[in-house]
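Taking it in order: structure first as structure tokens, then the write-up.
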Amino acid sequence: MVNKVILVGNVGIDPEVRTLEGGAKVARVRLATTERLYDRASNETKEHTEWHTITLWRGLADVVDRYVRKGTQLYIEGRLRTREWMDKDNNKRYTTEILADTMNLLGRRSDNPASDGAASGYGAQGQGSSYGQQGGGYQQGGYAQPQQPAAPSVPADDPDDLPF
């Protein structure tokens, strides 16, 4: 079975970060994703914005606390989780949130409202930073650089190696 969510969006309000009694940090982020659709009949572009609640624990919550503010662009990988509770009128209520496993800070360093020049989480050229959780531990990597597949090698005398 697979329960995986990948989102790229902008933080709508400053994150809510709390420290629990045991010392673990938890952060809640509201992330907006916008889908742009072109309507050929009316020659208009329509936008639909969806709001997501992201929950981040421990090391990821610490990174959110230090670097994420309203307007920060994030890449999130996680899984859906639905919770239910009884409200004050004794009605059963539900909420669906994303439990984040990986978070990348996107955009240039100057785009991040929380960057103060000492944000070592950003690369020298402004690449995003990657923070992820692996097997109970937290891995804080330097640069989030895409992996490029190796180009296949073609022998120089290959007749199929044509320029057209």
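The values are calculated or read from the model by the stated rules, or taken from the named source; none is laboratory data. Here the structure is a predicted model, which is why all the values come from computation and not from measurement. Quick note on the areas: whole protein, heavy atoms, side chains included, nothing else; ligands and nucleic acids left out. Shrake-Rupley method; radii C 1.70, N 1.55, O 1.52, S 1.80 Å.
Amide hydrogen proximity for R69: with H placed 1.01 Å from N in the peptide plane, the residues at 5 or more positions away or on another chain lying under 5 Å are A114.
Summary of the geometry: the range 67-108 and the range 4-26, compared by the centres of their Cα atoms, lie 7 Å apart.
Note that the range 21-38 has calculated 3J(HN,Hα) couplings of 4, x, x, 6, 8, 9, 10, 10, 10, 9, 10, 9, 10, 10, 9, 10, 10, 9 Hz, one per residue in order, obtained from phi through the Karplus relation 6.51 cos²θ - 1.76 cosθ + 1.60 (θ = phi - 60°); glycine and proline are x. Figure note: E97, E84, E77 ranked by solvent-accessible area, largest first, 1.4 Å probe, ligands and nucleic acids not counted: E84, E77, E97. Cross-link partners for K70 among the lysines, with Cα-Cα distance under 22 Å and sequence neighbours closer than 8 places in the same chain left out: K25. Ordered from largest to smallest accessible area (heavy atoms of protein chains, 1.4 Å probe), the residues T49, T102, T55 come out as T49, T102, T55. I need the shape label for the range 1-86. Rule: rounded when a/c is under 1.5, else prolate if a/b > b/c, else oblate, with a, b, c from the alpha carbon gyration tensor. Cα axes put the range 1-86 in the prolate bin.
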